[in-house]
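The values are calculated or read from the model by the stated rules, or taken from the named source; none is laboratory data. Please read these numbers as outputs of a predicted model, since none were measured by experiment. With ideal geometry, Cβ positions are generated from the backbone for all residues, glycine too; neighbour counts draw on all protein chains shown. Just so you know, the surface numbers come from the protein's heavy atoms only, side chains and all, with ligands and any DNA or RNA stripped out. Shrake-Rupley method; radii C 1.70, N 1.55, O 1.52, S 1.80 Å.
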Amino acid sequence: MSFFGRKMGGGGGGEHTGHNLQDGLFQIASQACHILVQVNNTHNVSYGGSNNVNNIAYSKYSTAGGSTAPTTSSSSSSTRSATAAKAYPKYAEPRDKDQDVVVLLPHRKNRAPRLKHKLSTVSENARLDVNSPGGDDDLELWDQSGFMLRTDVDDPLTNAKWGAQGWCRPSCIPITIILILIVLVVLLPLLDHAAEKYSLNATALDSESCMDHCSISLVESIPAGLNYSNNTAQHETTYDSWMNLIGMAQDTIEIASLYWTMKREDVFPDDSAKMGEEVFQSLLEAGRDRRITLKIAQNLPSRLSPNVDTQILAKKANAQVYWKLSEDGKVPATWPASLSTKININNPINFTYMDNKYKLFIASSPPPFSPKGRSSDLDAIVHCIAKAEKFIYISVMDYFPLTIYTPQIKYWPTIDNALRAAAIERNVNVRLLISWWKHSRSSESYFLKSLQDLTHSYPKVKIEVKRFIVPTDPHLNKIPFARVNHNKYMVTDLAAYIGTSNWSGDYFINTAGIGTVFETVGHQNNDNIRQQLENIFHRDWFSDYSFPLNVTINGFNNSWEISRNLYQHSLYEPYIHI
């Protein structure tokens, strides 16, 4: 089971530069602070108030490589110094070694309400002598307002420009600039986040318009010999969808697959290879005659899958065939940013198709193959199970809570636990339709039976399991890895999941695969994708090719006459009961 999508037309996108602007403003703020530090060498900060200051806290630091320890003291002053002019010669002295940090605090009872409007910086000429016990000369530099130096008030040029009680004072300008820049640096990430949300919303809007020129449908391959009644679900074949996609291509065809055996001489001379041969010929003509760029990613050739077909396409149709992720064959530590995505479990894309609304995202496995933002395939499966409210229907070839292809078998219960929790904790009805064919492992039945045995263990707990058997004969049995239900999908009352992986740990840990999730939104008509997939499951579950779990088959040499009651009465097939 797979889904088929086509798109006519295209669209563009753009990037926002919020991060660059943020970084630039941060650098400007840093440089401004550096300049202010150089200009205001004293680093003095005053907490305003009247010149009747009860507390002066100051520290002395060496700036010329000395090791003078910080010193603090406090003093009281009841009288003012004669004039501020007496202090000016002091500030004209060179400052090669020491800098003082001075904080002037008002009376404790008046401190709190005045802090919010009494903060100001002291100009470069303001400095308190560490050895001065009272600091009267320096206190004279502040007027009663605590905002400016008295010399600034007394200067007629300054008064003319700023005003004695003006709202803007020279000492406030540098710190104001810095504060503005800092605010921008803080706010820009929020604006940047908003821009991302807008971009995501724009993606959703683009998808809406895209659907005017796109088509999405379920397609499937039904093996020869499977005959369903006319009133069951029928869909376009995978063969037809491939031929349509290849024929519509105008520039590029990109294919990801495990291996290719499209021609009868690749594996076994049988007429069932006809459709595969036509797909191969269509690809060859697309690359050779129509100059369509062919890009194919697949597994390295092996004895079982030599991939002769793609080698022919590479020679005759100039196809680009990729067998390795890198020159050394290793998975990159990080993927290029161009491969990242914002569409995932937490942020699915929203679109409407045939009057049905969906949330969609694509997941991949294993995690090292997933670039930034991409959800893992396993998380997608567990997500759909966790959100189900009424039922979970599963159709896969293999189901194991193990890693079955590793040298040491390991227990891997992630999906198994999720299904048990859904049935026991939320009373969700679970059905599993698992394939049975000549490559099935007998140990699989034990794990499936342990799930089924939970039925009625508690009220409303129900887990059902069936086997799906594709009929075969001695001739078709010679085709390797054929005659099997190769589905890998799940449908719930709220979502449809279609993937490429069998459900054992190996496929999510060591094998490349993808999964697509369609979540329904609001009212749906009977043409919605989730409902179509549910109809397919019901068709197979109630078909003549599904059997109870307690039935096994020992041979496939003559099983064309399989029917629903055959396991009870057959004289031709050695079915046994367990």
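Tabulated results
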| read-out | value |
| --- | --- |
| Long-range amide H partners of ILE392 with built H, under 5 Å | ASN429, VAL430, ARG431 |
| HN-Hα J in Hz across region 406-414 - Karplus 6.51, -1.76, 1.60, θ = phi - 60°, x for Gly and Pro | 8, x, 10, 5, 10, 6, 9, x, 4 |
| Accessible area in square angstrom per residue, region 326-410, 1.4 angstrom probe | 52 Å² |
| Relative contact order (%) - region 291-385, alpha-carbon pairs under 8 angstrom, separation at least six | 21 percent |
| Positive minus negative residues near GLU444 (Lys, Arg vs Asp, Glu; Cβ under 11 Å) | +2 |
| Local electrostatic count at PRO348 - Lys and Arg +1, Asp and Glu -1, tallied over other residues with Cβ under 10 Å | 0 |
| Separation of the LYS263 and LEU226 label points, Cα + 7 Å toward Cβ, nm | 2.8 nm |
| Spatial separation of Cα centroids for region 235-286 and region 383-415, in angstrom | 31 Å |
| Rg/Rh ratio calculated on Cα atoms of region 270-368 (Kirkwood radius) | 1.08 |
| Region 397-510, relative contact order in percent, only Cα pairs under 8 angstrom and at least six apart counted | 34 percent |
| Entries of LYS359/LYS462; LYS390/LYS460; LYS342/LYS372; LYS324/LYS372 with Cα pairs more than 18 Å apart | LYS359/LYS462; LYS324/LYS372 |
| Chain lengthening between ASP527 and ASP271 when straightened (0.36 nm per residue, less Cα-Cα) | 88.7 nm |
| In Å, descending, principal axis extents of the Cα set of region 305-441 | 56, 42, 34 |
| Phi to ³J(HN,Hα) by Karplus 6.51 cos²θ - 1.76 cosθ + 1.60 over region 334-340, Hz, x for Gly, Pro | 9, 9, x, 4, 5, 8, 5 |
